[in-house]
Amino acid sequence: MDEVLTAADVSAASASAAADPSPSLPLSTNLPFVSALLACFIAQFLKLFTNWYKEKRWDSRRLFGSGGMPSSHSATVVAVAVAIGLQEGTGGSSFALATTLASVVMYDASGIRLHAGRQAELLNQLVCELPPEHPLSNVRPLRELLGHTPLQVCAGAILGGLVSYLMRNSSSM
């Protein structure tokens, strides 16, 4: 039995295809998402070792803290941008959005957040020098490790790009 398609059927089918251009895939197959999570995890894990190298002591709080070498924020956003570039090409709006986001995050990490951490360090020193009877002498210290040096940001960016590249190549084998 032959089925006849009307113009309304074709229009409805193309509208639903335009609304959802790709079939729903599990999140675990989403290269940008998986690359970002893996890059972030690796960067946070590496902070244990870079902190040990610098401070000569193990500090498990580095697994969840901000600041330090390498920048997990940079690794995450660059992993997303590179994965999108490898998967969809560099001419699309998704790549432009991811690259712009990565640039803003890395600029913020090495600029504003780095200087906010340095200000916190100075403020903590000033509070320590206050006499005990001063109302601010018992204030909890501000967090000092907020931002990243440009080297830490670059290391995170390289790590993120490398993770995406390796993920893309390992998934195509």
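Just so you know, all these numbers are worked out from the coordinates, no wet-lab data involved. Given the structure is predicted, the values throughout are model-derived calculations rather than measurements. Methodologically, a virtual Cβ is constructed for each residue, glycine included, from the backbone with ideal geometry; neighbour enumeration extends over all protein chains shown.
May I ask you to list the residues of the stretch 89-130 whose amide nitrogen lies under 13 Å from a point 7 Å from Cα along the Cα→beta-carbon direction of SER137?
So the set is 127-130.
Length gain on complete extension for the stretch SER103 to PHE33, per 0.36 nm per residue less the alpha carbon to alpha carbon distance?
23.4 nm
Can you give the FRET efficiency to the nearest 0.05 for LEU122 and ARG57, using r as the Cβ-Cβ distance and R₀ = 35 Å?
Working from the Cβ atoms, E equals 0.90.
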